[in-house]
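Structure first, commentary second.
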Number of protein chains: 2
Amino acid sequence: MTTLRDVAREAGVSVATASRAINGHSNVTGPTRDAVLAAVKKLNFVPHSGARSLTRKKTDTVGVILPDLFGEFFSEIIRGIDLVAHESGMHLLLGNMHGSTHETAAAIAAMRGRVDGLLVMPPDVKPELLAGYLDPALPTVLLNYDAGPLDLPFVAVDNYRGAYAMTEALLERGARQVIHIAGPKHNRDARDRQRGFVDAMAKVAKERNPVILPGDFSEESGEEAARLLVQGQLPADAVFAANDQMAVGLIAELARAGVSVPRDVMVAGFDDIPLARHLSPGLTTMQVNIDRLGSTGMMLLLRLLRGDTLGAASATILNPDLIARGTTGGAAADGARAGIAAGASPP
Amino acid sequence: MTTLRDVAREAGVSVATASRAINGHSNVTGPTRDAVLAAVKKLNFVPHSGARSLTRKKTDTVGVILPDLFGEFFSEIIRGIDLVAHESGMHLLLGNMHGSTHETAAAIAAMRGRVDGLLVMPPDVKPELLAGYLDPALPTVLLNYDAGPLDLPFVAVDNYRGAYAMTEALLERGARQVIHIAGPKHNRDARDRQRGFVDAMAKVAKERNPVILPGDFSEESGEEAARLLVQGQLPADAVFAANDQMAVGLIAELARAGVSVPRDVMVAGFDDIPLARHLSPGLTTMQVNIDRLGSTGMMLLLRLLRGDTLGAASATILNPDLIARGTTGGAAADGARAGIAAGASPP
DNA sequence: GTTCACAAAGTAACCGGTTACACGCGCCAA
DNA sequence: TTGGCGCGTGTAACCGGTTACTTTGTGAAC
């Protein structure tokens, strides 16, 4: 590998001068600069970023620590981060916490000396533990995680408000009995969505004890919920699933049981996965601009790196948008929907 | 930040001893080791990976350079890479070439001194240019790119064989007139798929001039092809689109024109995007295990890093699997399918 | 009691850059 | 002529670790 010394020797100057010429400092004469650059070209010299960052105390890299994510969510969040990072000439070092708390600590520790800042999304790690893992000297922004006592800037989606709005919309469209399929119990997003649903039901429909079926964000748990609905003959004219994945499973299983969406029952999801608009009828859902979660987080981190002092007060809350499609379609007159019992004809 | 010298001072030993104790070398006595580790804990010392990799000449990081990728493809490939990398304690540094050739060179250069090896997927860069950008001293594996003259190990999907198999399958299911919708002309995957189709038609159906409609992998170009088919009243009882995206557009537009799939015409795609199985009827397609592209590439790179010398001869070719679903469904008797003309009733 | 072998710990060079400081030189004012 | 200034360049310390080499100290062998 060619080093700076090789270049300096070739150009007949000292390493200091070579370094200055390469980095475009002003105190180098034209001819000297040319000689150095010629040597660089001739020897095919590329600066060693590792060595450079050691003295500069800057790596031009940010660490991104995400949980085990699948599909669109992962790629969208990275895309959002990269979009902003790339503009500022920053690189992305990926760390995966693979679910376990222990790995989270390891992933964060491994970042020391490699990155200038951290973007962390630790859905399953308790705040008090997280505090112990993070290096207070390293600028850090949390993704989709209310920092709580940590006083770190964060970006989150307003799941509560989204779920509230969706529930409200279903009621406005004439639903009387809305049922919610919840996400995993320990999952913060899921809990917030459930709270939004419960509050909207209480406030708008004056229903204090709405039906909530368990789920875990998987398609299968959506199917399971559908079976519960049909077999239990639960009176429902609308189902609000805590995510699209479950809504998809729900709809498929309802169809198998002879229940038609939206004729017999309306269905809504959350997230707006790409599949949502391709279903027929299309799935009504809350669109979460996941890429914005990433890009906004990265912007906050850049400000932190520039020296601004930002705390939890600088948090950004993203509002999801309601996308109305076919599964809540048709201008059903108030209370006109048949409900699940009507369509159900068990095999 | 705490450094190794701080730890050494605290423990009352030299930096060399501290370093040895921390790295578990054998030539340190028990009490000394304990003293050092106690100091580490007390001062909350975390080794500076940047400095460490400078002397060790190992970064435990591999660079991953991908084009602008969206959605599933991107996340799956990263997931595959991470799976293997994580097992070997390797980190992933992401670089995006953002389409342009110039950025590709920059992305590769930026990796110098940060990574031990490179995983590159350069679909739009010409081999002779790529050769100039790559550092011959840096272990490199190419993804989905036939190295050609570069003599680098690579992993690719056997698009030719996949397309051949799919065409054959359509013919076996009774199709007489199969039409292909091609992908972008400059795209290597698209070209290989087209060749597979042409060869299968020649060999199996003795058809030397099969109809090929232009496309660009987009949903719109699939719709466009459908309009051509219907308006031109082209005799076709099966359409093989070069990717799923186009097949989706095709099917939607055919439905609008009153052509039923698979009753009037069979449709097949390529890739097995998640949407494929959610359509009704489900889309018959070739499943490319994208994560295996990543994991296999990473395995090759690990071997390279271990010192094995691997050239283009070590390439791994992944075979896609045929997933038969509804769009080629029904046990149509030989030649019994109505064809497009039959179902078409232009508005 | 001296010699030798060997283990534990220290000293300092080194990885590949950056940069504070020193140096030499030409130019101008005093 | 001399002192001062500024510019271009070189010398060497430094970033934070690792490790070759050296030193010190202990016990076994003669």
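The values are calculated or read from the model by the stated rules, or taken from the named source; none is laboratory data. As the structure is a prediction and not an experimental result, all values here were calculated from the model. When we count neighbours, we look across all protein chains shown, and the Cβ atoms used for this are built from the backbone with ideal geometry, even at glycine. Ligands, DNA and RNA are stripped out before the accessible areas are found, and what is left, the full protein with its side chains, is counted by its heavy atoms. Shrake-Rupley method; radii C 1.70, N 1.55, O 1.52, S 1.80 Å.
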TODO: Take peptides B:245-252, A:101-108, B:38-45 and line them up by average Cβ neighbours within 10 Å, highest first, as a rough protection proxy.
DONE: B:245-252, A:101-108, B:38-45
Open item on the list: Classify the stretch A:268-308 from the C-alpha gyration tensor, please: rounded if a/c falls under 1.5, else prolate or oblate depending on whether a/b exceeds b/c.
Closed with: prolate
Open item on the list: Place a point 7 Å from the Cα of B:LEU129 along the Cα-to-Cβ direction; which residues of the stretch B:60-101 have their backbone N under 11 Å from it?
Closed with: B:99-101
Open item on the list: Between B:GLY196, B:GLY30, B:GLY63, where does the largest GNM mean-square fluctuation fall for chain B, given springs only between Cα atoms within less than 10 Å?
Closed with: B:GLY30
Task: Karplus 3J(HN,Hα) series, Hz, for the stretch A:243-250 with 6.51 cos²θ - 1.76 cosθ + 1.60 (x for Gly, Pro) - done: 8, 5, 3, 5, 4, 4, x, 4
Task: the stretch B:1-81: Cα Rg divided by the 2.2 N^0.38 Å rule of thumb - done: 1.61
Open item on the list: At 7 angstrom along the Cα-to-beta-carbon line, where would the label on B:ALA313 sit relative to the other copies? Give the distances in nm, shortest first.
Closed with: 6.8
Open item on the list: Of all beta bridges DSSP finds with both residues in chain B, what is the antiparallel percent, to the nearest 5?
Closed with: 10
TODO: Mind listing the long-range amide H neighbours of B:THR316? Cut-off is under 5 Å, sequence gap 5 or more, other chains count too, H placed in the peptide plane at 1.01 Å from N.
DONE: B:PHE154, B:VAL155, B:ALA156
- [ ] Along Cα-to-Cβ, 7 Å out, sits the label point; list in nm, shortest first, how far the one on A:PRO214 is from those in the other copies.
- [x] 5.8
Open item on the list: Give me the net charge for the shell around A:LEU142: Cβ to Cβ below 12 angstrom, other residues only, Lys and Arg +1, Asp and Glu -1.
Closed with: -1
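If you take all C-alpha pairs in the stretch B:112-235, what percent of them are over 22 Å apart?
Here the long-distance tail beyond 22 Å is 49 percent of all Cα pairs in the stretch B:112-235.
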TODO: With just the Cα atoms of chain B, tell me how far they stretch along each of the three principal axes, in Å, largest first.
DONE: 91, 39, 31
- [ ] Place the label 7 angstrom along Cα→C-beta at A:GLY258 and in each other copy, then list the distances from the first to the rest in nm, shortest first.
- [x] 3.3
Task: For peptides A:253-259, B:137-143, sequence by mean Cβ density within 10 Å, most packed first - done: B:137-143, A:253-259
- [ ] Could you quickly flag the chain A residue whose beta carbon comes closest to the rotation axis taking A to B, and that distance in whole angstrom?
- [x] A:SER75, 2
Task: Span per principal axis, largest first, for the Cα atoms of the stretch B:181-271 (Å) - done: 32, 27, 21
Task: Computed helical MRE - 222 nm, chain B, DSSP H runs ≥ 4 contributing -39500 (n - 2.57), nearest 500 - done: -13500 deg cm²/dmol
- [ ] Treat every Asp and Glu Cβ in chain A as -1 and every Lys and Arg Cβ as +1, leave all other atoms uncharged, and give the resulting dipole magnitude about the Cα centre to the nearest 20 debye.
- [x] 1080
Task: Signed unit charges on C-beta, dipole axis of chain B, positive-most listed residue B:LEU310, B:THR32, B:VAL62 - done: B:THR32
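When ligands, DNA and RNA are left out and all protein chains stay put, how many square angstrom of accessible area per residue does the stretch A:4-47 have with a 1.4 Å probe?
60
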- [ ] Could you pull out every residue, at least 5 positions away or on a different chain, whose amide H is within less than 5 Å of the one on B:THR59? Hs are placed 1.01 Å off N in the peptide plane, and Pro or chain starts have none.
- [x] B:ASP116
Open item on the list: I need the peptides B:211-218, B:165-172 ranked by packing, meaning the mean over residues of other C-beta atoms within 10 angstrom, with the highest value on top.
Closed with: B:165-172, B:211-218
TODO: Could you tell me what percent of the DSSP beta bridges with both partners in the protein assembly as shown are antiparallel, to the nearest 5?
DONE: 15
Open item on the list: Can you find, among B:ALA110, A:VAL204, A:ALA252, the residue sitting farthest towards the positive end of the charge dipole of the protein assembly as shown, where Lys and Arg contribute +1 and Asp and Glu -1 at Cβ?
Closed with: B:ALA110
Open item on the list: Rounded to the nearest 20 debye, what is the charge dipole size of the protein assembly as shown about its Cα centre when +1 sits on each Lys and Arg Cβ and -1 on each Asp and Glu Cβ?
Closed with: 1880
Task: Förster-model FRET efficiency, 22 Å R0, A:ILE323 and A:SER218, C-beta, rounded to 0.05 - done: 0.50
Task: Contact order relative to length of the stretch B:4-47, as percent, for alpha carbon pairs under 8 angstrom and 6 or more apart - done: 42
TODO: Enter the accessible area of B:GLU10 (Å², nearest 10), with the probe set to 1.4 Å and all protein chains included.
DONE: 80
TODO: Please give the average number of partner chain Cβ atoms lying within 10 Å of the Cβ of each residue in B:78-84, rounded to a whole number.
DONE: 3
Task: Dimensions (Å) - the stretch B:4-47, Cα atoms, principal axes, largest first - done: 23, 17, 15
Task: Spin-label zone in the stretch A:133-169 - amide nitrogen under 16 Å from a point set 7 Å from the Cα of A:ASP308 along the C-beta vector - done: A:139-142, A:152-156
Open item on the list: Show me, for the stretch A:124-137, the HN-Hα J-couplings you get by feeding each phi into the Karplus relation (A = 6.51, B = -1.76, C = 1.60, θ = phi - 60°), rounded to Hz, glycine and proline as x.
Closed with: 9, 9, 6, x, 5, 5, 3, 4, x, 7, 6, 8, x, 7
TODO: Could you estimate the translational diffusion coefficient of the protein assembly as shown from the Stokes-Einstein equation, with Rh from the Kirkwood formula over C-alpha pairs, at 37 °C and 0.692 mPa s, in whole µm²/s?
DONE: 115
Task: Other protein chain Cβ atoms within 10 Å, averaged over every residue that makes up A:271-277 - done: 2
TODO: Report relative contact order for chain B in percent, whole number only (criteria: Cα-Cα under 8 Å, sequence separation at least 6).
DONE: 18
- [ ] Just report the Cα centroid separation between the stretch B:69-134 and the stretch A:6-55, whole Å.
- [x] 27
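Just tell me how shielded A:112-125 is by partners: mean number of partner chain Cβ atoms within 10 Å of each residue's Cβ, no decimals.
Other-chain Cβ atoms within 10 Å of each residue's Cβ, averaged: 2.
Based on alpha-carbon atoms only, what is the radius of gyration of the stretch A:170-229 relative to the globular estimate 2.2 N^0.38 Å?
Its radius of gyration relative to the 2.2 N^0.38 Å reference: 1.14.
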Open item on the list: Beyond a 32 Å Cα-Cα separation, which of these cross-linked pairs lie in this structure: A:LYS126/B:LYS57; A:LYS41/B:LYS126; A:LYS41/B:LYS185; B:LYS126/B:LYS206?
Closed with: A:LYS126/B:LYS57; A:LYS41/B:LYS185; B:LYS126/B:LYS206
Open item on the list: For a quick check: with amide H placed at 1.01 Å from N, whose amide H comes under 5 Å from B:MET286's, ignoring anything fewer than 5 positions away on the same chain?
Closed with: B:GLY269, B:PHE270, B:ASP271, B:ASP272, B:ILE323
- [ ] Select from A:PRO320, A:PRO47, A:PRO122 the residue whose mean-square fluctuation is largest in a Gaussian network model of chain A (Cα-Cα springs shorter than 10 Å).
- [x] A:PRO47
- [ ] List, in order, the whole-Hz ³J(HN,Hα) value for each residue of the stretch A:267-279 obtained from phi through the Karplus relation with A = 6.51, B = -1.76, C = 1.60 and θ = phi - 60°; use x for Gly and Pro.
- [x] 9, 9, x, 8, 2, 6, 5, x, 4, 3, 7, 8, 5
Task: the stretch B:150-303 - Rg over Rh from alpha carbon coordinates, Kirkwood radius - done: 1.01
